[in-house]
Amino acid sequence: MTTVEVFAPAKINLTLHVTGQRADGYHLLDSLVAFADIGDRVTLHADWRDKAFEVTGPEAAPELESDSNIMWHAATKFWTPDRPLSMQLEKHLPMASGIGGGSADAAATYRGLLRLRAAVEGRDVPRDPTPQDAQDLLEIGADVPMCVLSDPARVQGIGEQITPVPDLHAYPVVLVNPRVQVSTPAVFKRLEAKDNPALEPWPAPFDDRDAALAWMRTQRNDLQAAAIQDCPQIGDVLAALEHSGPCQLARMSGSGATCFGLFDRMHMATDAAEAIRAAHPGWWVQAGRLNGGRRAVPQLIRSTT
């Protein structure tokens, strides 16, 4: 039996500019994306089990175990149908929360299946997705290709244009979700302008923590105001982050409702998370660091015959 574990880090849109809309309805984006060391865990087994797909963890929900789960889409495309496969998802990220939980799980499934297939077949793991894999991943979900990389990047188009940003500082971060799901289509529908300016040129080198923060403060999430109209609690979350001591930047991620706060030191982020959690015990609150994608390499934990 062969088993592979993969960490699926939360995706954070540090900036998100909506720059246009295609004829087919897809919106064009220009976003600086990073990944936190907060996320789900996917485990893949090359054998049959009592349950082909099992979801556990603090954010587990019955609907996640259905055959419509995005992880099954990845398995259908990237695993041989007549070979045994069982999957487990340890869910820590809230559903429909703007931090790419489902896309991260699908991306982790893809990475894990490549590792699993290589172990079963006794060959090397492919280093990069093939052009056909890249197209298939984009069809599964626009956020999936960037989550496959799980590294800081500038993402443009509908998600297919990915430019790595290797020198992004590993800022301490606090993620907060008010336990309200936001409809992405509804947020885009409320958006007044869909042809906003792209990202401004950023400072070089980008690893200058203070210069990068100053630049990020001048950028936007064009969906934030529209999301607050649908979910006023997002405004409460932003206020809680902004007033949590030395928060350097508070902004909504994706289409919400999760917001992030960046801090100078890890103990500051931890203290802020504890204070927000105490004041709002019903919210989902986590502290961590950016650049958590470094943990996303699939781990072969067991291979027996």
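None of the figures in this text is laboratory data; all of them are computed from the coordinates on show. Predicted model only: the values in this text are computed from it and were never measured. Neighbour counts run over all protein chains shown; Cβ positions are idealised from the backbone, glycine included.
Quick notes on this one:
- Placing unit charges on the Cβ atoms only, positive for Lys and Arg and negative for Asp and Glu, gives the range 173-228 a dipole magnitude near 380 debye about its Cα centre.
- Between 0 and 90°, nearest 10: helix 131-140 axis offset from the chain longest Cα axis: 70
- Looking at the range 103-182, none of the GluC sites (Glu not before Pro) sits in a DSSP loop with at most 11 other Cβ atoms within 10 Å of its own Cβ.
- For a straight C-alpha distance cut-off of 15 angstrom, the aspartates and glutamates reachable from K189 (same-chain residues fewer than eight places away being disregarded) are D24, D222, D230.
- Helix-only [θ]222 nm of the chain, DSSP H runs n ≥ 4, -39500 (n - 2.57) each, per residue, nearest 500: -9000 deg cm²/dmol
- Charging the Cβ of each Asp and Glu at -1 and of each Lys and Arg at +1, and nothing else, the dipole of the range 1-46 about its Cα centre rounds to 60 debye.
- Helix 233-242 vs. the chain, principal-axis angle (Cα, 0 to 90°, nearest 10): 70
- Furthest towards positive pole of dipole, I99, M216, P172, structure part the chain, Cβ charges: P172
- Cleavage-rule hits, trypsin sites (Lys or Arg not before Pro), the range 62-149, DSSP coil, Cβ neighbours within 10 Å at most 13: R123, R127
- A simple spin-label model places the labels of E63 and D50 2.7 nm from each other, with each point 7 Å out along Cα-to-Cβ.
- Structure-derived percent of Cα pairs over 28 Å apart - corresponding label in (1) 37; (2) 41; (3) 51: (1)
- Taking a straight line from the alpha carbon of K11, these lysines sit under 19 Å away, with near neighbours fewer than eight places off in the same chain left out: K91.
- By the Kirkwood approach, averaging reciprocal distances over each pair of separate Cα atoms, the range 114-180 gets a hydrodynamic radius of 14.4 Å.
- Lys, Arg +1 and Asp, Glu -1 on Cβ, resulting dipole of the range 231-290 about Cα centre, debye, nearest 20: 160
- In degrees, nearest ten, helix 101-121 long axis to first principal axis of the chain (Cα): 30
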